[in-house]
Amino acid sequence: MQEKNQYFVTMLHDAHLTQAQLAEIFGITRTAISRWHKIGVPQYAQAYLILRAEYIELQKQHNKGCLRQPKTKSK
């Protein structure tokens, strides 16, 4: 069995995705995704996973009311 790339595993976890879901999103095979543990995660996939994780975190903060609406200037 192939050793897991812990960075990739963490990125998937933070983005709330499985390898199968990521394969479907990118329209590539699950085998291709699996190879990334050995050959490294392409930059486009890293960027997608990081942005998705950040978006999820922002949604959580918004839902908790941590993000304030900008004040509008009165005329």
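The values are calculated or read from the model by the stated rules, or taken from the named source; none is laboratory data. For clarity, every value in this text was computed on a predicted model and none was experimentally measured. Methodologically, a virtual Cβ is constructed for each residue, glycine included, from the backbone with ideal geometry; neighbour enumeration extends over all protein chains shown.
Within the bounds of segment 14-23, is there any residue that is at pLDDT 95 or above and among the β-branched types (Val, Ile, Thr)? Lay out the reasoning, then the answer.
First pass over segment 14-23, keeping only residues at pLDDT 95 or above: 14-23.
Within this subset, residues satisfying the condition of being among the β-branched types (Val, Ile, Thr) are 18.
So far as segment 14-23 goes, yes, one or more of its residues are at pLDDT 95 or above and among the β-branched types (Val, Ile, Thr).
From the residues in segment 24-57 that are loosely packed, with under 12 Cβ neighbours inside 10 Å and more than 23 Å from Lys4 (Cα to Cα), which one is modelled with the highest pLDDT? Among residues in segment 24-57 that are loosely packed, with under 12 Cβ neighbours inside 10 Å and more than 23 Å from Lys4 (Cα to Cα), the one modelled with the highest pLDDT is Tyr55. The helices (runs of 4 or more DSSP H) found entirely in segment 1-66 that carry 3 or more residues being among the small types (Gly, Ala, Ser) are 43-64. Restricting the first member to segment 20-38 and to residues that are farther than 12 Å from Val9 by Cα and of a type in the set (S, T, N, Q), and the second to residues that are modelled with pLDDT under 95 and surrounded by 12 or more Cβ atoms within 10 Å (Cβ to Cβ), no beta-carbon pair is closer than 9 Å while six or more apart or on different chains.
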